[in-house]
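Single-structure report; data block below.
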Amino acid sequence: MSDEKQLSSEESLQLITSMINKAKNSFYDSGISLLLWGSAVSIAAFVTYLQVQYQFSIGFDIWWLVLAAIIPQVIISVREAKIRKVISYDHTAMNAVWITYAITIFGLVAYQNMIPSATDAILKNEGWVLIKHYTSGTKPDEQIRPFTLSVTSIYILIYAFPTLITGIIKRFTAMIIGAVIAYGLFIASFYTSFKYDMVLAGITALVCWFIPGIILRTKYLKLKQKERNV
Amino acid sequence: MFKELDPILHSQLRLAVMSLLISVKEAEFTFIKEKTNATAGNLSVQIQKLKEAGYVEVVKEFKDNYPNTTCKITEVGINAFEEYVKALQQYLNVNHK
């Protein structure tokens with residue numbers, strides 16, 4: 001392609017269209033990450049079903065397989081980044097969605113594993129425990145560690161979801177910080193009762209949306225003022 | 001009144017580079033070279049002109065121990081490209097009348 005050739009209007013437009021199409025056709029996804037996670041999660045779920053249905057155990061928690069899939073995923077991501085010559089706008093957006101999704105899933109796994117002991121601690125603090133008592137008297141009493149669903153914790157985790165995605169895509173640091181604080185508050189909410197969960201939810205809404213909102217509003221009003229002065 | 005076509009953009013290779021960069025977030029030099037079929041020397045000169053005009057941002061770094069150049073369109077470049085397309089449309093409308 002020469003730099004000196006003088007173009008007519010039609011030729012310029014044709015060139016623009018053809019280069020935009022060339023760029024569009026350069027994006028491809030190997031699909032390997034989808035295959036990896038699709039197979040890891042489905043195998044773990046089906047094996048769990050078979051163990052429950054046919055009363056056997058494979059001797060370890062099959063869901064560790066899903067956790068272990070992070071290692072090949074990191075290798076795949078590093079390799080793909082090395083060979084990638086072009087980054088599209090939707091690549092950044094998709095990355096933001098999947099990163100946030102991964103954080104949310106691991107947040108839920110942590111929630112699922114931490115809640116029984118956290119609930120136990122709260123109950124002990126209040127001075128009581130749950131006991132399973134066998135009326136037949138054949139077995140000794142057992143302490144129950146209940147899984148008390150704290151919906152507010154889940155709400156906090158969900159509040160962070162669009163906040164982090166927006167923050168990454170728009171490169172808006174205030175929202176990224178807001179989401180990180182929300183994840184911290186989500187973990188803190190494991191150990192607090194409903195009353196304090198509400199306080200944490202309120203703080204989450206402030207850091208995720210209200211403070212970024214103030215920043216955006218201030219910028220917007222300054223811009224409007226500038227436009228009026230011109 | 002016709003808008004004058006931006007001389008920086010009204011050149012085959014520079015317009016091709018800008019059209020590629022407007023469609024992506026960032027692209028490596030090798031990608032642009034491959035898509036435009038330009039020689040490395042010529043492409044370097046034209047990218048430098050675009051950089052001097054403030055239309056593109058050029059980042060030189062090392063990737064796997066090899067020098068790697070990445071180009072990205074700037075806000076100024078986006079505005080200039082939009083103005084260029086608007087001007088082209090004016091010319092085309094007149095030609096088709």
- Message: Here is a check on your reading of the model: is B:Gln12 in contact with an Asp or Glu (Cβ under 9 Å, 6 or more places away or on another chain), open to solvent by less than 80 Å² (accessible area, probe 1.4 Å) and without any contact (Cβ under 8 Å) to a residue 24 or more places away in the chain?
- Response: yes
- Could you say which residue among A:Phe194, A:Phe190, A:Phe147, A:Phe172 is more than 13 Å from A:Ile103 (Cβ to Cβ), touching a helix residue (DSSP H, G or I) at 6+ places or on another chain (Cβ under 6 Å) and surrounded by fewer than 17 Cβ atoms within 10 Å (Cβ to Cβ)? A:Phe147
- Task: Find all pairs meeting these conditions: Cβ atoms under 7 angstrom apart; at least six residues apart or on different chains; first residue within segment A:76-93 and more than 7 Å from chain B (Cβ to nearest Cβ); second residue open to solvent by 50 Å² or more (accessible area, probe 1.4 Å) and at pLDDT 90 or above.
- Result: A:Ile76/A:Ile32; A:Ala93/A:Ile169
- Residue check for A:Asp120: among the charged types (D, E, K, R), touching a residue at least 12 places away in the same chain (Cβ under 8 Å), surrounded by 10 or more Cβ atoms within 10 Å (Cβ to Cβ) and closer than 30 Å to A:Phe186 by Cβ: yes
- Message: Cβ-Cβ under 7 Å, sequence separation 6+ or interchain: first residue in segment B:75-95 and among the hydrophobic types (A, V, I, L, M, F, W, C), partner not in a helix (DSSP H, G or I). Which pairs?
- Response: B:Val76/B:Gly54; B:Val76/B:Tyr55; B:Ala80/B:Asp6; B:Ala80/B:Leu9; B:Ala80/B:Tyr55; B:Phe81/B:Leu9; B:Ala87/B:Lys3; B:Ala87/B:Leu5
- Task: Search segment A:15-35 for residues that are within 17 Å of B:Val17 (Cα to Cα) and at the interface with another protein chain (Cβ under 8 Å from one of its Cβ atoms) and pair each with any residue that is assigned to a helix (DSSP H, G or I) and among the polar types (S, T, N, Q) when their beta-carbon atoms are under 6 Å apart and the residues are at least 6 apart or on different chains.
- Result: A:Ile16/B:Ser19; A:Met19/B:Ser19; A:Ile20/B:Ser19; A:Ile20/B:Ser23; A:Ala23/B:Ser23
- In segment A:67-102, residue modelled with the highest pLDDT [restricted to those that are open to solvent by 90 Å² or more (accessible area, probe 1.4 Å) and of a type in the set (Val, Ile, Thr)]: A:Ile71
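Quick check on B:Leu92: is it more than 14 Å from the chain's Cα centre (by Cα), open to solvent by less than 40 Å² (accessible area, probe 1.4 Å) and within 9 Å of another protein chain (Cβ to nearest Cβ)?
Taking the combined requirement at face value, the residue satisfies it.
Can you confirm whether B:Asn37 is closer than 25 Å to A:Ile83 by Cα, facing chain A (nearest Cβ under 7 Å) and either touching a helix residue (DSSP H, G or I) at 6+ places or on another chain (Cβ under 6 Å) or open to solvent by 60 Å² or more (accessible area, probe 1.4 Å) (or both)?
Numbers: closer than 25 Å to A:Ile83 by Cα: yes; facing chain A (nearest Cβ under 7 Å): yes; either touching a helix residue (DSSP H, G or I) at 6+ places or on another chain (Cβ under 6 Å) or open to solvent by 60 Å² or more (accessible area, probe 1.4 Å) (or both): yes.
Here the answer is yes, as B:Asn37 does meet what is asked.
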- Of B:Glu26, B:Glu61, B:Glu75, B:Glu82, the only residue that is closer than 27 Å to A:Ile169 by Cα, within 9 Å of another protein chain (Cβ to nearest Cβ) and open to solvent by 20 Å² or more (accessible area, probe 1.4 Å) is B:Glu26
- Could you list, in sequence order, the residues of segment A:34-66 that are within 17 Å of A:Val109 (Cβ to Cβ) and open to solvent by less than 70 Å² (accessible area, probe 1.4 Å)? A:Ala40, A:Val41, A:Ala44, A:Ala45, A:Thr48, A:Ile62, A:Val66
- Qualifying residue in segment B:42-52 (condition: touching a Cys at 6+ places or on another chain (Cβ under 9 Å), over 21 Å from A:Lys82 (Cβ atoms) and among the acidic types (Asp, Glu)): no
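The values are calculated or read from the model by the stated rules, or taken from the named source; none is laboratory data. Treat the numbers as computed from the prediction; the structure is a model and nothing was measured. Don't worry about glycine lacking a Cβ; one is built from the backbone with ideal geometry, like all the others, and counts go over all protein chains shown. We work out accessible area using only protein heavy atoms, side chains counted, and drop any ligands, DNA or RNA first. Shrake-Rupley method; radii C 1.70, N 1.55, O 1.52, S 1.80 Å.
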